[in-house]
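Down below is the structure, laid out as structure tokens.
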Amino acid sequence: MKYKKIRQRIVNHPPRFLAMGFFAVILIGSLLLMLPFAQGEGQNTTYLDALFTATSAVCVTGLTTVATVSHWTLFGQIVIILLIQIGGLGFMTITTVMAMVLGKRITLNDRLIIKEQMNTVSLSGMVKLIRYVLASTFIIEGIGALLLSFQFIPEFGLARGLYVSIFQSISSFCNAGFDVLGTASIVKYNNNPLILLTIGSLIILGGLGFNVYMDVTANKLNFRKYALHTKIVLSMTGILLLAGTIGFLTLEALNANTMADMSFSTKTLNAFFQSVTTRTAGYFSMDQAQLTDPSIMLSIILMFIGGSPAGTAGGIKTVTFAMLLLMTYSEIKGNRDLEIFQRRISIDQGKRAISIMVLGLSWVLTATFVLLALEPFALQDLLFEVTSAFATVGLTRNLTPQLTEISKSVLILSMYIGRVGTMTLVFAFANNKDKKYHKEAYGNVIIG
């Protein structure tokens, strides 16, 4: 009877169900990775390493404590890529597809959970959306794998080349950052436009959000007809990509450890890729440990913002960042409403954006403080690592394998919080029963 009550409290509460669902997938993945035939010969895998890898895969982050290509067998790598696909699409998407295949009815509660997972406004069209998500994912990943195979098949042979192409395509579209190329990510391809542009495009598409695809494909290239959400996502994505590219090109062009020896076109390509991967993929074409201090700061800012809602990226999201800018602008102008693209937005949306930013920033600063107390590394390096984990980016300044077990556990928690979402976790475990049905009298405080 007690079990039944607990089950009902989870199943009938969408945010709680999502939080526990992701936790369950991580737990199963970590146990699979602990199997002897998941680990390479002579590898000594601790449960913390398996848990860290499973969390990083499900939370589509890419931070690792062991080298993916050498530590895990083919079975282990397949487990990782399946966890990435489940984490990228959302476990509820996979659950719904299985129910549809088995001919089961999608209940109202299922639709509520999908709505929470996909960050949609309406309950209508949930099944159609799931079908669209699945179809568009496999089409985009398939095209990505095909393009990558032109490089990897000649380099690795047919079987290995196809495997690497498929793995990298799924990992890129899901913004995961895992690779089976080695410990230096794609640094060896930093002068290869095919690799950088293909992976970069997959990262961008994964980070836009599936509802944006539906809107763009329905209205072709007519920007005026796009929904307000789509307009904000596309505008903010373009602005951040351009600003990041110009910023990294300016800051790294003369850095002898990154771009100094490159041609201008290659510098621009790598600056663009760095701008893309910080939001939020984890691949790198330049050694992150060799970046200048201003580039580290720019990377941290872009990582914290992240991609867009209802996609595979992390961070506080582009729309949240746009709402914060709009709130600031409205306050400066003395407007009571948030206005953009000749539309008004509810002030409640702005309040939610502030909550997401404050909760996210609070966690990043708290986790960084804990790591500072435990580790001998510099503040900027630890802040970079924590932000990368929370924003599910996966970029690293080569610290993760060197961290203590407590610090690795903090990063595991950061990845989980970042993937599930701060507000989802708050709604999942907060007690909202004691609601007030009266309003207190106004009081005055001095601000600023």
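Among ALA289, ALA260, ALA322, ALA256, which is the only one that is under 30 Å from ILE86 (Cα atoms) and of a type in the set (A, V, I, L, M, F, W, C)?
Residue meeting the stated conditions: ALA322.
Within the stretch 286-299, identify whether any single residue is touching a Ser or Thr at 6+ places or on another chain (Cβ under 6 Å) and assigned to a loop (DSSP other than H, G, I, E, B), and answer yes or no.
The answer is yes, given that some residue of the stretch 286-299 is touching a Ser or Thr at 6+ places or on another chain (Cβ under 6 Å) and assigned to a loop (DSSP other than H, G, I, E, B).
Give me the pairs: first residue in the stretch 35-52 and among the small types (Gly, Ala, Ser), second residue at pLDDT 90 or above and buried (at least 20 other Cβ atoms within 10 Å of the Cβ), beta-carbon distance under 7 Å, and six or more apart or on different chains, which are they?
Close Cβ pairs satisfying both conditions: ALA38/TRP72; ALA38/GLY76; ALA38/VAL79; GLY40/HIS71; GLY40/TRP72; ALA50/SER30; ALA50/LEU33.
So ILE345 fits all but one of (1) over 21 Å from LEU395 (Cβ atoms); (2) exposed (fewer than 14 other Cβ atoms within 10 Å of the Cβ); (3) touching a helix residue (DSSP H, G or I) at 6+ places or on another chain (Cβ under 9 Å); (4) not charged (D, E, K, R); what number is the exception?
Among (1) over 21 Å from LEU395 (Cβ atoms); (2) exposed (fewer than 14 other Cβ atoms within 10 Å of the Cβ); (3) touching a helix residue (DSSP H, G or I) at 6+ places or on another chain (Cβ under 9 Å); (4) not charged (D, E, K, R), the lone unmet condition for ILE345 is (2).
Here's the yes/no breakdown for (1) within 21 Å of THR392 (Cα to Cα); (2) among the aliphatic types (A, V, I, L, M); (3) in contact (Cβ under 8 Å) with a residue 24 or more places away in the chain:
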position	(1), (2), (3)
GLN274	yes, no, yes
ARG279	yes, no, yes
SER285	yes, no, yes
ALA289	yes, yes, yes
ILE301	yes, yes, no
GLY307	yes, no, yes
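Here are some conditions: (1) crowded, with 16+ Cβ neighbours inside 10 Å; (2) modelled with pLDDT of 90 or more; (3) within 27 Å of ILE417 (Cβ to Cβ). THR73 meets all but one. Which one does it not meet?
Evaluating THR73 over (1) crowded, with 16+ Cβ neighbours inside 10 Å; (2) modelled with pLDDT of 90 or more; (3) within 27 Å of ILE417 (Cβ to Cβ) leaves (3) as the failure.
Of all the residues that make up the stretch 224-273, how many are acidic (Asp, Glu) and in a helix (DSSP H, G or I)?
Here the count works out to 1.
Consider LEU194 carefully, then state whether it is of a type in the set (A, V, I, L, M, F, W, C), touching a residue at least 12 places away in the same chain (Cβ under 8 Å) and exposed (fewer than 14 other Cβ atoms within 10 Å of the Cβ).
When the stated conditions are applied, LEU194 passes them.
The values are calculated or read from the model by the stated rules, or taken from the named source; none is laboratory data. For clarity, every value in this text was computed on a predicted model and none was experimentally measured. For neighbour counting, all protein chains shown are included, and Cβ atoms are generated from backbone atoms with ideal geometry for every residue, glycine included.
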